[in-house]
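The next block holds one structure in the form of structure tokens; read it before the comments.
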Amino acid sequence: MAELRLIYGFHAVTSRIRQNPEGVMEVYLQSQRHDQRMRDLIKLCEESGVRMIPVEGARLDGMAGGIRHQGVAARVDASKRIMHLSDVLETLTEPPLLLVLDGVQDPHNLGACLRSADAFGVHAVIAPKDRAVGITATVEKVACGAAETVPYITVTNLARTLRELKEAGIWVVGAAGEAKQDLHGFRHEGSLAIVLGAEGEGLRRLTRETCDELVRIPMLGSVESLNVSVSAGILLFEARRQRAM
């Protein structure tokens with residue numbers, strides 16, 4: 001059964017059409033806009049067989065509900081995003097690199113985390129179904145297409161999923177400011193899952209206890225912590241750097 005919802009912005013709409021044109025029901029285009037970017041999108045819709053509907057900017061404003069839409073929106077089938085972790089792991093030809101988000105609730109942070117995940121070749125992002133924002137139109141727009149390229153997998157019990165990862169030979173590393181080990185001393189080039197906590201709260205107790213190891217990012221300034229998406233970028237960069245050595 002289709003689960004229809006709207007996404008906004010050129011990056012999100014273009015990426016969805018390229019990745020899964022069958023899941024795009026229709027694209028709404030601001031009729032007053034005729035620049036090259038809009039012409040490119042129209043050409044992509046024509047080549048992909050996606051239905052286009054020209055609309056006034058005021059209608060798009062109402063559809064977007066305050067989200068900056070850039071003159072484009074699409075109605076998509078969100079149910080086609082659902083997948084299982086095993087579907088991802090079975091197709092890999094290198095040791096898995098996973099990003100686990102323990103309850104990120106800000107859509108801008110989740111979108112930025114997905115961009116980092118895409119940039120550093122993360123094979124899947126895992127998050128709990130509850131106490132987390134999930135993929136929304138804002139997330140897709142901030143992610144600039146990464147929401148379509150990085151599998152986003154929700155699970156009902158995060159601690160149990162982490163235990164299953166460990167049983168599958170994946171080393172589970174949690175980021176915590178109070179960890180004794182810092183990133184300079186961390187070494188791991190095999191299968192890896194990096195776990196980050198929610199904004200302000202950090203890792204939940206059970207999540208923390210389930211990790212194989214805790215590491216912290218060295219901080220030289222006066223601030224106590226970094227934004228979760230910034231932390232994700234730093235940790236993922238280091239993981240990829242070590243694999244390339």
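Structure data summary
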| read-out | value |
| --- | --- |
| Number of the exception - Asp130 against (1) surrounded by 22 or more Cβ atoms within 10 Å (Cβ to Cβ); (2) over 9 Å from the mean Cα position of the chain (by Cα); (3) of a type in the set (Asp, Glu) | (1) |
| Pair list, Cβ under 8 Å, 6 or more apart: region 88-105 residue without any contact (Cβ under 8 Å) to a residue 40 or more places away in the chain, other residue in a loop (DSSP other than H, G, I, E, B) | Leu92/His123 |
| The one condition in (1) touching a helix residue (DSSP H, G or I) at 6+ places or on another chain (Cβ under 9 Å); (2) hydrophobic (A, V, I, L, M, F, W, C); (3) part of a loop (DSSP other than H, G, I, E, B) that Leu165 fails to fulfil | (3) |
| Qualifying residue in region 52-67 (condition: modelled with pLDDT under 85 and loosely packed, with under 13 Cβ neighbours inside 10 Å) | yes |
| Selected residue (criterion: farthest from Val133 (Cα to Cα)) from residues of region 184-224 that are among the small types (Gly, Ala, Ser) and not in a loop (DSSP other than H, G, I, E, B) | Gly185 |
| Test: residue in region 60-67 that is more than 29 Å from Gly197 (Cβ to Cβ), of a type outside the set (S, T, N, Q), out of contact with any Pro (no Cβ under 7 Å at 6 or more places or on another chain) and touching a residue at least 60 places away in the same chain (Cβ under 8 Å) | yes |
| Residue tally, condition closer than 15 Å to Val228 by Cβ and open to solvent by 10 Å² or more (accessible area, probe 1.4 Å), over region 133-151 | 2 |
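The values are calculated or read from the model by the stated rules, or taken from the named source; none is laboratory data. It should be emphasised that the depicted structure is a prediction, and the values quoted were computed from it without experimental measurement. Glycine also receives a Cβ, built like all others from the backbone with ideal geometry; neighbour counts cover every protein chain displayed. Ligands, DNA and RNA are excluded from the accessible area calculation, which covers all protein heavy atoms including side chains. Shrake-Rupley method; radii C 1.70, N 1.55, O 1.52, S 1.80 Å.
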